[in-house]
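What follows draws every value from the coordinates through simple rules; no lab data is involved. The shown structure was predicted, so the numbers you read here are calculated from the model rather than taken from an experiment. Using ideal geometry, Cβ is built from the backbone for each residue, glycine included, and neighbour counts are taken over all protein chains shown.
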Amino acid sequence: MASKKYTIFEASDILHQVGELHNSRIHIDYGTGEKFTSGEVHLLSYVVNNPGISVTRLAHDNGKTKGAVSQMIKRLESKDLIRREGSPLSDRSVLLYPTEAGLELHAAHKAYDTVDFGRAYKALVEICSAEKVNSAVSVLETWLALRREMYD
């Protein structure tokens, strides 16, 4: 596969398209009998992986406004997937934790994405090498960390 030199705009546009495609508004049953958007389950996964995270930090790390995250948290709370606890450090701050149902959905989501994304990954490895795909994921992970740091 020939290597192309991308302009900054082209790279930005490709990243945007990947993000939009991945964060579709389509509701999916991840194996629990209830449908959720990709954004909802990935936000839940972030809470599972960062128990006790604040809404402000969650918004920051996910590049969303506090209002948008709060709306999604309310939906997840109403479905008993996330619970809020007051922060011991501040009366105004709340911390987010997954519930048992949230942990179950997280596990189902991981299994679903392993199969679903696995099909696309397999096809991609047929075109590129597994080493190139892994390298691309590593670069994206570094890019995410850098972007989060830039907006701290």
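Shown here: log10 I(q)/I(0) by the Debye sum over Cα atoms at q = 0.14, 0.15, 0.16 Å⁻¹, derived from the displayed model; of the candidates [x] -0.69, -0.79, -0.88; [y] -0.83, -0.88, -0.93; [z] -0.82, -0.93, -1.03, it corresponds to [z]. The string of couplings for region 79-96 from the Karplus curve (6.51, -1.76, 1.60, θ = phi - 60°) is 9, 6, 9, 9, 10, 9, 9, x, 6, x, 8, 8, 6, 8, 9, 10, 10, 10 Hz, one whole number per residue in order, with x for Gly and Pro. Comparing H106, H16, H27 in a Gaussian network model of the chain (Cα springs below 10 Å), the most mobile by mean-square fluctuation is H16.
For D80, neighbours were defined as the other residues whose beta-carbon sits under 13 Å from its Cβ, and their charges (Lys and Arg +1, Asp and Glu -1) total +1.
Cross-link list K64/K110; K74/K110; K110/K132: which exceed 26 angstrom alpha carbon to alpha carbon?
On the way: K64/K110 23 Å; K74/K110 22 Å; K110/K132 23 Å.
In this structure, no pair lies more than 26 Å apart at Cα.
Amide H contacts under 5 Å for L95: E85, G86, S87, restricted to partners 5 or more places along the chain or on a different chain, H placed in the peptide plane at 1.01 Å from N.
Based on DSSP H runs of at least 4 residues, each adding -39500 (n - 2.57), what is the mean residue ellipticity at 222 nm of the chain after dividing by all its residues, to the nearest 500 deg cm²/dmol? Don't skip to the end; give the middle numbers.
Details: 6 runs with 97 residues, N = 152.
For the chain, the value works out to -21000 deg cm²/dmol.
Pick from I28, I127, I53: which residue has the top mean-square fluctuation in a GNM of the chain where Cα pairs under 10 Å get a spring? Taking springs between Cα atoms under 10 Å, the residue moving most is I127.
Going from the residue with the fewest nearby Cβ atoms within 10 Å to the one with the most, K5, K35 rank K5, K35.
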